[in-house]
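**Q** Quick one: the structure is below, questions incoming.
Derivation of every value follows stated rules applied to the coordinates shown; laboratory data play no part. Just so it is clear, the model here is predicted, and its values are computed rather than measured. Every residue, glycine among them, receives a Cβ derived from its backbone with ideal geometry; neighbour counts consider all protein chains shown.
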Amino acid sequence: MITLAVLALVFWVPQDTVSGYLVSKRGRVSIGDAMAPGLSLGLMAFSGGLILLEARKREADIHPNGRSLGFLLVILVICLMAFGAMIWTGPLAVALFGVDDSYRNLRDTAPWKYFGFILGGVGLVAALISLVEHRVTLRAALLGVAGVGALIGVFDLAFDDLLLPPNGDQ
Amino acid sequence: MTEMLHYVWLGILSVFQGPAILEIAGVGLPVALVMLVAGLITGIAVGATPGLAGPMAMAISLPLLISAFGFTPDALLPVFGFLIGIMKGATLGGAVPAILFNLPGTPDAMMTTLDGFPMAQRGQPRRALRIAQLSSVAGDTFSDLVLFICAPFLAVVVEAYLDLPEKTALLILSISFVAAVMGRSVGKGLLSVSLGLLVAYIATGNDLSPRLTLGFDVLQSGIPLIAAVLGVLIVGEIFATLERLWLDNHALDVIPVEKRSTQDGLQPGDIRRISPYVGRGAVIGALIGALPGVGSTLAATLSYTMAARRIKRHPQAQPLGTGAPEGIAATEAANSAVSGANLIPVLSLGIPGNAAAVFLILAADSIGGFNPGPGVFSMPDGALNPQLVTVFGIFTLMSLGNVLNWTVGGGVMRAMGGLAKIPATRLLPVVLLVSLTAIYVQETSMFAIWSTLAFGVLGWAMRKLAVPVLPFVIAFILAGPIERSAREAFAASGADPWFLFSSPTSVILLLLALAALMFLGRER
Amino acid sequence: MNIFLKPLLAASVLISSTSVGQAEDWAPPGPITMYVGFAAGGGADTQARLIAQGIEEKYGWTIIPQQLPGNSGLTLATELVKAPADGTAFGMVVSETLTYSAQAVGDPALQLDKFTALATTAEFQSGLVAMAGGAFDSWDKVKATAEAGTPIRFATASDRQADMAWHLGQKTGIDFNIVEVRGGAGVMDGLRGGDVDIGWVAGAQSKSVRQGEMTNIARGIKAPLADTPDAPAITDLGSDFYLDGYFMFIAPGGLDPVAREALGNAIRAVAEDSATEANALLTKGFGGPSIRTGEDLDAYMAEANAAAAALIKAVSE
């Protein structure tokens, strides 16, 4: 972590900011855009050092084991798949069912605008419940449907100007 | 002084004469008041549900509220009303499952289980709930009074005596303090702070080309505040809890008590018995609450320990841990007394001290027209400061919330007893979907969802590695003000590199920051 | 009623209007995304939302506002330039986004010629502002204090304003301590808190000036300020440039002239109609609507672009 911070300090921060640490403009020196991130990275390196010192004094803390990393990975895959489904279902439906228009122009038109959100949302809730309960139940899917239905009611039906995912990105 | 009273009056009016939600016989029902009641009930409900907590409910409802009320100054009081309602309700609701099922609904109700559950087991759940309600509301009310008196005073002092360099030093002091007191070690606290600062500095800054974007266009507008805050605080918590439930499905299940004694309800003499403990608890809570970062859990623990020590000196008294009313009273008074005092640094300095305060700042920030900080309390000559009216509107709402908690809070608490039986395994996935959707609706960009998930992973990892998450969030919020005030101070001083040490006040504040890091962190 | 239904009908059958060629018949092929380059809740944001609301009511088009603030409007520009140029995406910025800021950042993809200017809505009421009754409430006091050797803290809310402050200092022989703060509200907070002495504000000072809390010690635009008609122009004090500008709507470059005319007309119709909320806000908070469209607007933008280039050159010398 310390090395990472130092590397970032030397390469990333000055490269990715226009004004560097200090900048001379309009006849004056002023603080550049790299100063604050630079100082925070310095603080990070310092805290890394402190943690090393502290770790030496007492027994090491619990580290995440493989099992829990695996669990997190599964959760992330579920989320990725669910939101992937959300993004692609709508445009796919438009393409498949031969409507002569782009999904962008239909993004605020029922029923097209709901397809992605329903599939992705129900999938997310049902998959997560099944994962945690170690069994696949109809109840999980129904809960997903209820959640998605409530959200559509709250955001889409109640407010004109709001777009459900993924329709704002079109 | 009369001018101040005038503002107080305007604040009260702003609640009662604000936009009405519906009219009954020509008398409008102010929407801010309705939102307060709704928030209060929601708060008690989420407090009573293990696995949900006040901040989570505030996080989810914030985007909803903003969509509903829009970005006009009229939106401030209804939105704050709801959020304050949740804040006040959750501290009350947290005691419900703690007493009935030996399962704290919110972390700060941990100590409530020690005496509340034994009392309920003895067949007096109503009495325990009633004592919890009275002590909690008393603590809360006291804390609010402290807030009403101290916040304006502090703001005026800050504005009168602190110039730009001192404001920078004060901000540095507050994040150092937060880093030192939260979590297990100073190193980890500082790590959390530095991460928060760094992430906040992406794509902000003064240059017209945003910094640290690695060339990605999506990063041009920076990490959405709501994505970072909700990701680390809420999604991280959901991931961690889901994992715990995955390992043990019944980790959050409840064991109901069936026994009922005839002698339930408040007993004669109870009030006199608990009063001194409530008083002490309230003072401890308010003192601790006024410091940013020191949470209500610590206040509850401290107050409980002090009460236990005191009880031991009276051999004939019922010892704590066996269902003594004093134990419930000491805990609930202290953890509730944190919430009002916690708003002192929020309103007068713009520095959030706990998760609930974070969401109040987030709300003010999103809606606009209200910038917590010393400017809120200024009374310009000949002009009306609408922010000060809003502050007194908020104070009015808080007082009304207390009145409601005194009167109907107990009934709502009893009604919410069953919520603890909802299995968290089914609740949390729905909460996750709701949070992500709410974030999307506010930000209208998939990038916000991806970043929320990424910050969820960060929050999960921080929990695993025992790195405290709140310093991250507080640093994220204060990053902008720190950089801006430093830059402004530097520029205003005519590029003096020693601007931070230019006045005794700022040197003292910086020394305090150093002292906080060196000494406060060592004690645990 | 027919007049309102017609465009709606047109939208629903999705005729490709470009070939028809009449601005009155034009309707967007889908819902319009309106990016707002300002923080939610501020005056500029409210203005944009009210105009969108007015267009929805008058024409039946669907407009979905989306916040995209930051970086003096360039964040919005970066996103908008990628959007389809069919009238379903436009955004509200200030004119200096596409002139001064675009030139200062130098990215060829963000220059004025990559966008289509639709319509302005209101002109800046730029003033050099100080607290009324304070030690800096007239230019003479500022000058006298500076000559006595006290550094003057000058708040600015954008790079252009900072350049203008520096330029003014050069021309008047005052070495200002230029303090860059966030937005006009930041300037005014700084003045109130005594953190800065004077600062540029582009219109948000109006209420405070009318209430006698603050005063315009000089004006940054050609015409006299509505609130302080006798404030001297900065060009009279020595500046070569004005700090003028407009709030305006822009669309991606290469927009069909028919769509451009239709959108410009729609914005004008709403902003100039005294029955709309948008008009009320423009009148109350922005010195009245000031709508420029078409070639008139193109001419202004070209002129402002040249002035921005000259300012950048003057400051870098």
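**Q** Of B:Ser275, B:Met518, B:Leu384, which is farthest on the positive side of the dipole of chain B, counting Cα position, with +1 on Lys and Arg Cβ, -1 on Asp and Glu Cβ, and the Cα centre as origin?
**A** Value computed over the given set: B:Ser275.
**Q** Can you give me the P(r) profile for the stretch C:127-237? Cα pairs, bins 10 angstrom wide beginning at 0, each as a whole percent.
**A** With 10 Å bins starting at 0, P(r) equals 16, 54, 29, 1.
**Q** On to the next question. Taking amide H positions as placed in the peptide plane 1.01 Å from N, state which residues far from C:Ala155 in sequence (5 or more) or on other chains have amide H under 5 Å from it.
**A** C:Val179, C:Asp197, C:Ile198, C:Gly199, C:Trp200
**Q** Taking neighbour Cβ counts within 10 Å as the exposure measure, how do A:His134, C:His167, B:His6 sort from fewest upward? Provide the component values of the computation, followed by the final result.
**A** Working: A:His134 9, C:His167 20, B:His6 15.
Fewest-to-most Cβ neighbours within 10 Å comes out as A:His134, B:His6, C:His167.
**Q** Looking at chain C as a GNM with Cα springs under 10 Å, which of C:Asn305, C:Asn71, C:Asn265 has the largest mean-square fluctuation?
**A** C:Asn71
**Q** Filter the cross-link list B:Lys88/B:Lys464; C:Lys207/C:Lys313; C:Lys143/C:Lys222; C:Lys58/C:Lys284; C:Lys143/C:Lys313 down to pairs whose alpha-carbon distance in this structure exceeds 28 Å. Don't jump to the answer; show the numbers that get you there.
**A** On the way: B:Lys88/B:Lys464 30 Å; C:Lys207/C:Lys313 35 Å; C:Lys143/C:Lys222 22 Å; C:Lys58/C:Lys284 22 Å; C:Lys143/C:Lys313 26 Å.
Those over the limit are B:Lys88/B:Lys464; C:Lys207/C:Lys313.
**Q** Under 12 Å between alpha carbons, and skipping anything fewer than 8 positions from C:Lys141 in its own chain: which aspartates and glutamates qualify?
**A** C:Asp197
**Q** Right, another one. Between A:Ser102 and C:Lys58, what FRET efficiency comes out of the Förster formula 1/(1 + (r/R0)^6) with R0 = 25 Å and r the beta carbon distance, rounded to 0.05?
**A** Working: r = 26 Å, r/R0 = 1.04.
Plugging the Cβ-Cβ distance into 1/(1 + (r/R0)^6) gives 0.45.
**Q** Turning to a different aspect of this structure: Under 1.5 on a/c is rounded, so check that first for the stretch A:66-169, then, if it is not, pick prolate when a/b is larger than b/c and oblate when it is not; a ≥ b ≥ c are the square roots of the alpha carbon gyration tensor eigenvalues.
**A** Values: a/c = 2.29, a/b = 1.77, b/c = 1.29.
The shape class here is prolate.
**Q** Compute the FRET efficiency between C:Ala135 and C:Lys284 as 1/(1 + (r/R0)^6), taking r as their Cβ-Cβ distance and R0 = 30 Å, and round to the nearest 0.05. Numbers along the way, then the final one.
**A** Working: r = 31 Å, r/R0 = 1.04.
In this case the efficiency is close to 0.45.
**Q** By per-residue mean of other Cβ atoms within 10 Å, what is the highest-first order of B:112-123, B:300-311, B:346-357? Let's see the in-between values first.
**A** Working: B:112-123: 23.1, B:300-311: 20.6, B:346-357: 25.4.
By packing density, highest mean first, the sequence is B:346-357, B:112-123, B:300-311.
**Q** Relative to the longest principal Cα axis of chain B, at what angle does helix B:164-181 sit, 0 to 90 degrees, rounded to 10?
**A** Compared with the principal axis, the helix lies near 40 degrees.
**Q** With 10 Å bins from zero, work out the P(r) of chain C over every alpha carbon pair and list the percent per bin.
**A** With a bin width of 10 Å, the distribution comes to 6, 27, 32, 20, 10, 4, 1, 0.
**Q** With only alpha-carbon atoms in the gyration tensor, what are the semi-axes of the equivalent ellipsoid for the protein assembly as shown, in Å, largest first? Intermediate values should be presented prior to the final figure.
**A** Numbers: eigenvalues 446, 250, 157 Å².
They are 47, 35, 28 Å, listed largest first.
**Q** Now for a different question. Classify the stretch B:386-524 from the C-alpha gyration tensor, please: rounded if a/c falls under 1.5, else prolate or oblate depending on whether a/b exceeds b/c.
**A** Numbers: a/c = 1.88, a/b = 1.52, b/c = 1.23.
Prolate shape, in that a/c is at least 1.5 and a/b is the bigger ratio.
**Q** To continue, here is another question. With +1 assigned to the C-beta of every Lys and Arg and -1 to the C-beta of every Asp and Glu, and no other charges, what is the dipole magnitude of chain C about the Cα centre in debye, to the nearest 20?
**A** Numbers: 21 positive and 37 negative charges, 81 e Å.
For chain C, the charge dipole is close to 380 debye.
**Q** Distance from the Cα centre of the stretch C:126-167 to that of the stretch A:94-170, in angstrom?
**A** Comparing the Cα centres of the stretch C:126-167 and the stretch A:94-170, I get a distance of 55 Å.
**Q** Through the Karplus equation 6.51 cos²θ - 1.76 cosθ + 1.60, θ set to phi - 60°, convert the phi angles of the stretch B:353-365 into ³J(HN,Hα) values in whole Hz; use x for Gly and Pro.
**A** Coupling constants for the stretch B:353-365: x, 8, 4, 4, 5, 4, 6, 5, 5, 4, 5, 4, 5 Hz.
**Q** Could I ask something else about it? Taking chain B as the reference, fit the longest principal axis to its C-alpha atoms, fit the long axis of helix B:76-93 to the helix C-alpha atoms, and give the angle between the two in degrees, 0 to 90, nearest 10.
**A** Result, in degrees: 40.
**Q** Say each of C:Glu277 and B:Ala466 gets a label point 7 Å from the Cα, pointing the same way as Cα to Cβ; how far apart are those two points in nm?
**A** 5.4 nm
**Q** Could you tell me how far the Cα centroid of the stretch B:467-524 sits from the Cα centroid of the stretch C:38-76, in Å?
**A** 37 Å
**Q** Moving on to the next point. Can you sort B:Val157, C:Val209 from fewest to most other Cβ atoms within 10 Å of each residue's own Cβ?
**A** Values: B:Val157 12, C:Val209 21.
So the residues, fewest neighbours to most, are B:Val157, C:Val209.
**Q** Using Cα springs under 10 Å in a Gaussian network model of chain C, which residue among C:Thr121, C:Thr46, C:Thr78 shows the largest mean-square fluctuation?
**A** C:Thr78
**Q** While we're here: Check A:Leu22: other-chain or 5+ apart residues with amide H under 5 Å from its amide H, H built from backbone geometry?
**A** A:Gly32
**Q** Still on this model: Rounded to the nearest 5, what % of the DSSP beta bridges within the stretch C:127-237 are antiparallel ones? Don't skip to the end; give the middle numbers.
**A** Values: 8 of 15 bridges.
Bridges in the stretch C:127-237 are about 55 percent antiparallel.
**Q** Rounded to the nearest 0.05, what FRET efficiency do B:Ile149 and B:Gln267 give with R0 = 41 Å and r taken as the Cβ-Cβ distance? Could you check? Don't jump to the answer; show the numbers that get you there.
**A** Numbers: r = 34 Å, r/R0 = 0.84.
Working from the Cβ atoms, E equals 0.75.
**Q** Something else about it: Return one number: the angle in degrees, 0 to 90 and rounded to the nearest 10, between the long axis of the Cα atoms of helix B:110-121 and the longest principal axis of the Cα atoms of chain B.
**A** 20 degrees
**Q** Another question, if that's okay. Explain nothing, just compute: Karplus ³J(HN,Hα) = 6.51 cos²θ - 1.76 cosθ + 1.60, θ = phi - 60°, for every residue of the stretch B:146-160 in order, whole Hz, x for Gly and Pro.
**A** Ordered by residue, 3J(HN,Hα) equals 4, 4, 4, 7, 7, 4, x, 4, 4, 4, 5, 4, 4, 5, 7 Hz.
**Q** Taking the Cβ of each residue in A:Leu119, C:Leu311, B:Leu100, A:Leu52 as the centre, tally the other Cβ atoms inside 10 Å and list the residues starting with the fewest.
**A** Sorted ascending by nearby Cβ count, the order is A:Leu52, A:Leu119, C:Leu311, B:Leu100.
**Q** Under the rule a/c < 1.5 gives rounded, and otherwise a/b versus b/c splits prolate from oblate, where does chain B land using the Cα gyration tensor? Each step should come with its number before you reach the end.
**A** Values: a/c = 1.44, a/b = 1.37, b/c = 1.05.
It comes out rounded by the Cα gyration axes.
**Q** Let's see if you can work this out: charge +1 on each Lys and Arg Cβ, -1 on each Asp and Glu Cβ, no other charges. What is the dipole magnitude of the stretch C:127-237 about its Cα centre, in debye to the nearest 20?
**A** Details: 11 positive and 14 negative charges, 47 e Å.
Magnitude of the dipole: close to 220 debye.
**Q** Say we join alpha carbon atoms closer than 10 Å with springs in a Gaussian network model of chain C; which of C:Leu74, C:Leu98, C:Leu118 then has the biggest fluctuation?
**A** Answer for the Gaussian network model of chain C: C:Leu74.
**Q** What size of dipole, in debye to the nearest 20, comes out for the protein assembly as shown about its Cα centre when the only charges are +1 on Lys and Arg C-beta atoms and -1 on Asp and Glu C-beta atoms?
**A** Working: 61 positive and 78 negative charges, 921 e Å.
It works out to roughly 4420 debye.
**Q** Next question, about the same structure. Apply the membrane-span-like helix rule to chain C: whole DSSP H runs, Cα extent along the own long axis of at least 27 Å, mean Kyte-Doolittle hydropathy at least -1.0. List the helices found. Please list the in-between numbers first.
**A** Details: long enough: C:294-316 (33 Å, 0.46).
Long hydrophobic helices here: C:294-316.
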